[in-house]
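Peer 1: Take this structure first; my questions come after.
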Amino acid sequence: METRRFGRTNHMSTLAVFGGVALAKVDQPTADAIIQQVIDSGVNHIDIAPSYGDAELRLGPWMPRIRKDFFLGCKTMQRTRQGAIDEFHASLERLQAEDFDLYQLHAVTSMAELDRCTQTGGSLEGAIEMRAQGLTRFIGITGHGMQTPAIFIEALRRFDFDTVLFPIFPALFADETYRRQALALLDVCEEKDVGVMTIKAIAKGPWGDREKHFHTWYIPFDDQAIIQRMVNFSLSQKLTHICTVGDHRILGKVLAACERFEPMNADEKEVLVEQQSHLEIFF
């Protein structure tokens, strides 16, 4: 699988970053098969969080063997310095790891939450302290929602985050405000050499009252040809890597699409945006 430099981390991360949420609701034998699939695909970057059900516990038994082969990112939804520090150590224990490569302030979806994270005594101070102790090398921020790009532009004014993670998919880019702010954020990331991960690459729409057939909080596309176009779209934005889907039953299709990635030109991207402009946004 193709690799790209993950910003100033200088890690050559695969186009696909394994989204550990796929391990959230499975037993250990199923998790073992998923992790082996990820290894076999050549993926070299894992993104995980304590809010992902049993994911840390499922990945933990593998870490002593594979830690050296992966760039490991974790997250916290705590908003205080001590809360972030405590959760940091709890995640290390569950993952049977000694350190992280990246620690991220997770699900920062409003300016008010950004204020809580960055104020005196906020979770950013905890992440900085862990970095000072050599327990993580880099600090990032993640979020989802229509305001996320604007929030992250402000976040990068307040602190020199090493990475960002936010949604990019065609229906979102049908919203002119979101597209403008997302592209502006990518420009800022390029200027500051910030690593970029994107999420929800194969999103179709909200579940609403429908029965959920996949362990994703949105309806995903599951046709291989459509997934390929969706993945091509997200990876054709500059700097981007894709966090893989949260349901292991579609994981293989997303990995295959990343392996077969072909850049989309501007006209091809516009066609896909127009085709999906009727889809409902689920934020």
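Peer 1: Can you list the residues, at least 5 places off or on another chain, whose amide H is less than 5 Å from the amide H of T216, using H built in the peptide plane?
Peer 2: Excluding prolines and chain starts, which carry no amide H, there are no hits.
Peer 1: By the scheme Lys and Arg +1, Asp and Glu -1, what is the net charge of all other residues having a beta-carbon under 12 Å from that of G246?
Peer 2: Taking every Cβ under 12 Å from that of G246, the sum is +2.
Peer 1: Check which residues have an amide H placed less than 5 Å from A107's amide H, if you skip close sequence neighbours.
Peer 2: T142, G143
Peer 1: May I pose another question? What number of lysine-lysine pairs in region 14-275 show an alpha-carbon separation below 18 angstrom, given a sequence spacing of 8 or more or placement on distinct chains?
Peer 2: Total qualifying Lys-Lys pairs in region 14-275 comes to 11.
Peer 1: Counting helices only, and only those DSSP H runs with n ≥ 4, report the 222 nm mean residue ellipticity of the chain as the sum of -39,500 (n - 2.57) divided by its residues, in deg cm²/dmol to the nearest 500.
Peer 2: After summing the helix terms and dividing by the residues of the chain, the value is -12500 deg cm²/dmol.
Peer 1: Can you sort M63, M197, M12 from fewest to most other Cβ atoms within 10 Å of each residue's own Cβ?
Peer 2: If I rank by nearby Cβ atoms, fewest first, I get M12, M63, M197.
Peer 1: Out of region 2-93, which GluC sites (Glu not before Pro) are coil in DSSP terms and have no more than 15 other C-beta atoms within 10 Å?
Peer 2: Sparse-neighbourhood loop GluC sites (Glu not before Pro): E2.
Peer 1: Right, something else. Where in region 194-211 does the label zone of Q237 land, with the point 7 angstrom along Cα→C-beta and an amide N cut-off under 20 Å?
Peer 2: Correct set: 194-206.
Peer 1: Net charge within 11 Å of R58 by Cβ-Cβ distance, Lys/Arg positive one each and Asp/Glu negative one each, not counting R58 itself?
Peer 2: With Lys, Arg at +1 and Asp, Glu at -1, the net is -2.
Peer 1: GNM, the chain, Cα, under 10 Å: largest mean-square fluctuation among P220, P50, P29?
Peer 2: Greatest mean-square fluctuation among the candidates belongs to P29.
Peer 1: Okay, moving on. List, in order, the whole-Hz ³J(HN,Hα) value for each residue of region 58-74 obtained from phi through the Karplus relation with A = 6.51, B = -1.76, C = 1.60 and θ = phi - 60°; use x for Gly and Pro.
Peer 2: My calculation for region 58-74 gives 6, 7, x, x, 8, 4, x, 8, 10, 3, 5, 9, 10, 7, 10, x, 10 Hz in order.
Peer 1: Tally the DSSP beta bridges in the chain and give the antiparallel ones as a percent, rounded to 5.
Peer 2: 20 percent
Peer 1: For region 14-275, what's the relative contact order in percent, using C-alpha pairs closer than 8 Å and at least 6 residues apart?
Peer 2: The value is 17 percent.
All of the numbers you see were taken from the coordinates with simple rules; none came from a lab. Treat the numbers as computed from the prediction; the structure is a model and nothing was measured. FYI the Cβ positions are ideal-geometry reconstructions off the backbone, even for glycines, and counts take in every protein chain you see.
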